[in-house]
1. Can you say whether residue 187 is surrounded by fewer than 15 Cβ atoms within 10 Å (Cβ to Cβ) and farther than 19 Å from residue 247 by Cβ, as far as the supplied structure shows?
2. Is it true that some residue in region 244-263 is in contact (Cβ under 8 Å) with a residue 24 or more places away in the chain, loosely packed, with under 15 Cβ neighbours inside 10 Å and outside any loop (DSSP other than H, G, I, E, B)?
3. Using the structure shown, decide if residue 87 is farther than 21 Å from residue 11 by Cα and surrounded by fewer than 20 Cβ atoms within 10 Å (Cβ to Cβ).
4. From (1) touching a residue at least 24 places away in the same chain (Cβ under 8 Å); (2) surrounded by fewer than 17 Cβ atoms within 10 Å (Cβ to Cβ), pick out the condition that doesn't hold for residue 97.
5. Of 105, 51, which residue is free of Cβ contacts under 8 Å to residues at least 60 places away in the same chain and either buried (at least 19 other Cβ atoms within 10 Å of the Cβ) or closer than 25 Å to residue 34 by Cβ (or both)?
6. Which condition does residue 196 not pass, out of (1) touching a helix residue (DSSP H, G or I) at 6+ places or on another chain (Cβ under 9 Å); (2) touching a residue at least 60 places away in the same chain (Cβ under 8 Å), if it passes all the others?
7. I want to confirm something. Restricting to region 202-211 and keeping residues that are free of Cβ contacts under 8 Å to residues at least 60 places away in the same chain and either part of a loop (DSSP other than H, G, I, E, B) or within 10 Å of the chain's Cα centre (by Cα) (or both), which single residue is farthest from residue 252 (Cα to Cα)?
8. If the requirement is being in the same structural domain as residue 216 (by TED's automatic domain parsing) and buried (at least 17 other Cβ atoms within 10 Å of the Cβ), which of these qualifies: 271, 281, 292, 275?
């Protein structure tokens, strides 16, 4: 079974992994939250996905900045400093002897409610903070296997409906997009904005390559992706013309290359969109070059944090 760019190699070590639940290390199978938790009950919280390379969490400051911005937008105090939360994550990695090929799901919710109701005034506890690390290596074929995308009917909404910049636990629009793509036999859903321009995928960001230029959306209708931003910066630093702009499916179908970006798998090529073969249908030279540059950036980041 394929999970697109989130396909991974099963690791038996995960059965013994300890999760961090509000500061306590708990066996994976016993890591639970109360049914009155805001995240479980209402999707009221923010989260980050992080990768560990050489014992260091890649681009940690960027992820913490985004997490804090989300908590401010939802109007709740995480209850720790950024340094304190970083230390808690590293303590969890140390307890699990984790250094490489690790993915962390960091989840912060508003906390426990006294009754099933959305009003934040019924909160009766500090925020819930879950650190869920796994030994999780992307499937070997992800870097080279061309993905298939399907343009779904579910749109990315305006900021006055649900701000796409907010990395909240409420992901039902992305889930319904994923369901549509699955039913169409694709790896992931390609989502449009309210004007019909390409916005993003349901769980990754999207780029095309046309005549040596790299295009991605304006960013108005997608999450401020950490990997997305790093790829834009790599293009700028390596004389690869890159543009954040409006473009439609028309431009995607005739692109020379296409690819997605995300924290878990980095860059992954796209070979087909809505049944149309993109370029050669295989990983192209721009994607290959950017994959190499991105790996170099990750290694530099790990060394700088060492």
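The values are calculated or read from the model by the stated rules, or taken from the named source; none is laboratory data. What you see is a predicted model; the values in this text were computed from it and never measured. Note: ideal-geometry Cβ built from the backbone for every residue, glycine included; neighbour counts use all protein chains shown.
1. Numbers: surrounded by fewer than 15 Cβ atoms within 10 Å (Cβ to Cβ): no; farther than 19 Å from residue 247 by Cβ: yes.
The answer is no for residue 187.
2. Yes, region 244-263 contains a residue that is in contact (Cβ under 8 Å) with a residue 24 or more places away in the chain, loosely packed, with under 15 Cβ neighbours inside 10 Å and outside any loop (DSSP other than H, G, I, E, B).
3. yes
4. (1)
5. 105
6. (2)
7. 202
8. 271
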